[in-house]
Amino acid sequence: MAQSNGISPNNTRIYELLISIAVVFWVLHIAYVFWYWGLLPEKIPVHFDLLNNPNRWGSKKTLIIIPLIHFGILALLSSISLIKPSEMRYYDYKNKDQNPKQVHLSKLMLLNLLIIISLLFFNISYTSISIALNQTVLFKQSSLVLLAAIFVCMGIYLFLIKRTKNADENL
């Protein structure tokens, strides 16, 4: 049964679950940074190429910025995904009315991007800490894979939106 805003309660639960997963990743990110904080040397790697090889070094204090940016993106994308459909600008071109399918797909895309971006930011901190402590980075191509996942997520979204619009036009 759909709510009056066009989004079913099941969809709302999915959004809340995805936001919760992203928040858990952020909390783990903060915990990970502070767990190793006392062990870190003053100079750590702060920038990497696509294969996670360090190409710039800086103060360990720059490591605090990464979870802060992560939180900012978490807050922004979560807030956008919680906007009521009536306040969004997705219209059905035939009826000039709200299209709940497009709104749902858009919210899912934002929240999936949020989770991928959360993993990317955690990976940056993990790599910085691992290299600074002379530990082995387990998966050196992880940044490249996560960046590719962002583009795959957006591509799937565009494909599904086009398919939704085509299906609506054929009704």
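Readers should treat all values here as calculations from the given coordinates under stated rules, not as data from a laboratory. Please read all numbers here as calculations on a predicted model, not as lab measurements.
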Original post:
What pairs in 107/162; 107/140; 61/107 have C-alpha atoms more than 27 Å from each other?
Top reply: 107/140; 61/107
Original post:
Rounded to whole Å and sorted largest first, what semi-axes of the equivalent ellipsoid does the C-alpha gyration tensor of the stretch 11-68 yield via the square root of 5 times each eigenvalue?
Top reply: 29, 15, 8
